[in-house]
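Below is one structure, written out as structure tokens; the observations come after it.
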Amino acid sequence: MTTLDPTGATRDGTTGATSSRSASGTTATRAIGIAAVVAMAWLVLFALVLSPADVNQGESVRLLYIHVPTIWIAYLSFVVTAIASGIQLLGRRRTLGWDRLAGASAETGVVFVGLTLLVGALWGRLTWGVFWQWDARLTTTALLFVTYVGYLAVRRLGGSHEQRARRSAVVGLVSVLLIPLVHWSVELWRSLHQEASILNTDGDIRMDGAMLFTLFVGVVAFSLLYLWLVMHRTRVMAMEDLLDERGLDVALAERRAEGEQR
């Protein structure tokens with residue numbers, strides 16, 4: 001006899017062994033996970049040892065290698081959420097897979113924005129002398145964080161999986177419009193935050209070669225981590241939906257049985 005445990009994995013009733021086919025890990029996710037660990041170790045080596053200190057900011061510039069990649073990957077996360085939401089809402093074949101991808105990417109993006117704000121606060125304390133200023137870049141980034149926390153809350157509202165997918169898709173498409181506001185806030189308003197060192201309007205990259213390479217390593221490492229997290233979370237969401245559906249089927253069967261007994 002095969003049953004479904006709370007994690008969504010199938011268990012054999014006689015041996016209690018969990019079927020590997022129902023686990024959230026695959027050969028691909030394990031390979032990506034190993035690559036992410038290697039890239040993170042590489043990032044630590046370059047960020048703390050091989051990359052030089054900045055002329056103006058000194059050793060505090062090493063926070064750059066977390067601060068910048070995390071916000072870039074957060075942008076990517078929310079763009080993926082918007083694309084998946086658009087396909088879910090407007091596509092001809094509306095499967096819940098796109099909705100799960102949108103939700104998993106948004107969850108990961110919220111984690112990365114939270115990490116961006118935390119590291120930014122530490123950097124601000126070293127640079128400005130305070131953890132927080134109501135600066136344009138900081139305020140819009142906090143607004144982005146709160147908006148996507150709200151998106152995740154919308155996903156938790158009651159209703160069927162299809163209703164969740166439709167309302168979440170609308171919110172996901174609207175929320176992504178905040179990204180240009182966050183990115184260009186330094187240009188639009190007077191800001192304490194420094195201007196972009198790489199993605200600036202004049203195309204001039206004002207960064208030491210070793211620092212630029214370390215930043216690239218950071219982007220690769222956090223991209224692999226993002227991909228690993230999204231793949232796992234998407235599969236877990238599929239298991240949760242399956243549990244909900246089976247729970248509903250069991251409840252309906254019990255109600256029918258009660259009606260037949262009466």
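Read-outs throughout are calculated quantities, based only on the coordinates presented, and are distinct from any laboratory measurement. Note that the structure is a prediction, hence the values are computed from the model and not measured. A quick note on method: Cβ atoms are made from the backbone with ideal geometry, for glycine too, and the neighbour counts reach across all protein chains shown.
Before moving on, here are some points about what is shown:
- Trypsin sites (Lys or Arg not before Pro) restricted to DSSP loop in segment 70-113 with at most 12 other C-beta within 10 Å: Arg92, Arg93
- Across segment 60-77, rounded Karplus estimates of 3J(HN,Hα) from the backbone phi angles (6.51 cos²θ - 1.76 cosθ + 1.60, θ = phi - 60°) give 5, 5, 5, 5, 4, 6, 9, 4, 6, x, 5, 6, 4, 5, 4, 4, 4, 4 Hz, Gly and Pro being marked x.
- Segment 232-237 - phi-based ³J(HN,Hα) in whole Hz, Karplus 6.51/-1.76/1.60, Gly and Pro as x: 5, 5, 5, 5, 5, 4
- Prolate/oblate/rounded call for segment 87-133, Cα gyration tensor, a/c under 1.5 rounded: prolate
- Summarising the label geometry, the points placed 7 Å from Cα in the beta-carbon direction at His161 and Val49 lie 4.8 nm from one another.
- FRET efficiency for the pair Asn56 and Val170, taken as 1/(1 + (r/R0)^6) with r the Cβ-Cβ distance and R0 = 41 Å, rounds to 0.35.
- A cut-off of 5 Å between modelled amide H atoms, ignoring neighbours fewer than 5 places along the same chain, links Trp132 with no other residue.
- Gained length - Trp184 relative to Ala238, 0.36 nm times residue gap less alpha-carbon distance: 15.8 nm
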